[in-house]
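The block underneath contains the structure these notes are about, expressed in structure tokens.
Throughout, read-outs are computed from the coordinates displayed, never taken from laboratory work. Since the structure is predicted, the reported quantities are computational estimates derived from the model, not experimental observations. With ideal geometry, Cβ positions are generated from the backbone for all residues, glycine too; neighbour counts draw on all protein chains shown.
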Amino acid sequence: MNGIHPAEPDGTRERSAPGPALLHRSLNARPYKVTSAKGLYLTLSDGRTIMDACGGAAVACLGHGNEEVLQAVSRQMSTGVSYVHSLTYTTDAAEELAHHLVDGPQGASRFGLERAYFVNSGSEAMDAALKLARQYFFELGQTTTTTTARSRFVSRKQSYHGTTVGAMNVSSNLPRKVPYACFQLDNVSWVTPAYAYQYSNWQSGETEEEFTRRLVDELDAHFREIGPESVVAFVAEPLVGATSGCTPAPKGYFQGVRRVCDKYGILLILDEVMCGMGRTGTFFAFEQEGIVPDLVTVGKGLGGGYAPVAGVLIHKKIVDALRSGTSSFNHGHTYQAHPVGCAATLAVQKILKRDGLVENVARLGRILYPLLLHTFRAAKYVGDIRGRGLFWGIEFVRDKATRESFPPRACFGARFQAMTFDLGVAVYPGSSTVDGTRGDHAILSPPYNVTEDELRKIVEVMKLAYDRLEKEVDGESWDEKAANGHAKPY
Ligand SMILES: *Cc1c(COP(=O)(O)O)cnc(C)c1O
């Protein structure tokens, strides 16, 4: 991942002494090799132990090496049913997982979300959601009136929805799109992000309520400008994850968004791939916004990393439209609803339920936020601390009075991650936080079963790393010279 400073160079491939055959994220840096893992801890091939305080990218919600999940996977494979094609077959693992998510006590059917569709990555889930949304209007006969009827998507700046071409099209994480401008479809547009720290008019005293109203009015005006009948859906992360660092929307924002979408019959797709499945202290992040989406995607915390799995939960109104039309979703993957993936995921989800781990996230969030505030509030380069549950972002700025970021070449976010890692704690780094170019943050997203003591230890190490970095940065002059030869992470 960007910001991980390599243990050793990736090297070139010579016939005599071949370097890696695996294409890593960087050809200059080789990632650390992990040889074993248990709970919060990763063991590296150099013998070091790392506290995994971010679960990769907020993935490992149960920690690593869970025995019950191992047994569930092994049980599924021991039936011999490791794979069957979903066109002809189904399995108990897939059916039970869907029932658990839809009909369970914390299930999605409370919100009218009555079907689950399982794929293998968050990007695939987003692609499926975009296609389902479009097919909804096709079934209703609303796509035939003009060529542009129900063909557009509106999303937000500074958001990430995935890496496949479809999901990338609605994303606006600019560094991740650089060589691929030619893939951009012209049926996507972006509105201002609900990111108060950098996008509210705080200089002129704009209140949270006024910021919310401005954003909702902008969305309404944007729909009217492009023609509301041309729009399929508005796409948003309830809490923006990797792009800007655990950014919740201002109060009333999603209620306003829902109202404006409903006014024009536009669907609301919420991307909870990173923030969903309990990460923010409720099963879905949208529960804390007082609204219900038409489609919600989940991923990272769904299988907790035990299987490559993600999903879409689909509102009754979309299922009904399909049923009254062609009766089939015109989409499919070879590995959709994969039996082993579903068995692993069902085991993860049953443990979350049985052990009250989502409630634990909410409880620990009430401890972690004051702890982060107490530890970092006075730090001179910490501009904002935000998040919910066990999903917290720290935004670093060069000047707290003006909220100005460090120049990208300072690599503050990446260096913070590297410094923390050297002290034995992994946090998830972020750059280009503010506008796709400038800005730095770090994400803290430990497993739901982390202990209070472990949280204190993690925050202590983060502070130690921060203090060291602050001292280093104080001795550097960003305007004249490049930062210590640190390369830009992208
Ligand atoms: C990670 C992420 C995705 C993409 O998921 P992949 O499994 O990496 O394809 C989509 N949306 C959000 C909000 C994410 O954080």
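Numbers for the structure displayed
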| read-out | value |
| --- | --- |
| Residue-averaged 222 nm ellipticity for the chain, from DSSP H runs of 4+ at -39500 (n - 2.57), nearest 500 | -11000 deg cm²/dmol |
| Sorted largest first, extent of segment 133-254 alpha carbons per principal axis (Å) | 47, 32, 20 |
| Rounded if a/c under 1.5, otherwise prolate or oblate - segment 228-350, Cα gyration tensor axes | oblate |
| Only Lys, Arg (+1) and Asp, Glu (-1) charged, at Cβ; segment 63-192 dipole about Cα centre in debye | 780 debye |
| Separation of the residue 181 and residue 328 label points, Cα + 7 Å toward Cβ, nm | 4.2 nm |
| Mean Cβ neighbour count within 10 Å, used as a protection proxy, ranking 197-206, 97-106, 384-393 highest first | 384-393, 97-106, 197-206 |
| For segment 218-274 versus segment 399-429, the gap between their alpha-carbon centres in whole angstrom | 30 Å |
| Average Cα contact separation per residue, segment 272-356, under 8 Å, 6 or more apart, as relative contact order % | 26 percent |
| Kirkwood Rh in Å, taken over all unlike Cα pairs in segment 70-354 | 19.4 Å |
| Amide N proximity, segment 76-102 versus residue 109 label position 7 Å along Cα-to-Cβ, cut-off under 12 Å | 98-102 |
| Average projected area [Cα convex hull, segment 18-160], square nanometres | 15.2 nm² |
| Amide H within-cut-off set for residue 191, under 5 Å, with H built and near neighbours excluded | 155, 156, 157 |
| Whole-Hz ³J(HN,Hα) from phi, Karplus 6.51 cos²θ - 1.76 cosθ + 1.60, for segment 244-254, glycine and proline x | 10, x, 6, 8, x, 7, x, 4, x, 4, 5 |
| q = 0.09 Å⁻¹, the chain: log10 I(q)/I(0) [Debye, one scatterer per Cα] | -0.62 |
| Global size of segment 392-456 as Cα Rg and Dmax, reported in angstrom | 13.1, 38 |
| C-alpha center-to-center spacing [segment 311-332, segment 10-58] in angstrom | 41 Å |
| Neighbour-count order for 114, 67, 210, fewest beta carbons within 10 angstrom listed first | 67, 210, 114 |
| Distant-in-sequence amide H partners of residue 405 (H built 1.01 Å from N, under 5 Å) | 398 |
| 12 Å beta-carbon shell around residue 331, net charge (K/R +1, D/E -1) | 0 |
| Leading residue at positive end of dipole, the chain (Cβ point charges), from 136, 44, 270 | 44 |
| Set of lysines with alpha-carbon distance to residue 457 below 23 Å, sequence-local pairs under 8 removed | 38, 380, 471 |
| Lys pairs, segment 70-354 - Cα-Cα below 23 angstrom, 8 or more residues apart or on other chains | 16 |
| Estimated distance in nm for a label pair at residue 320 and residue 435, the labels positioned 7 Å out from Cα along Cα-to-Cβ | 4.6 nm |
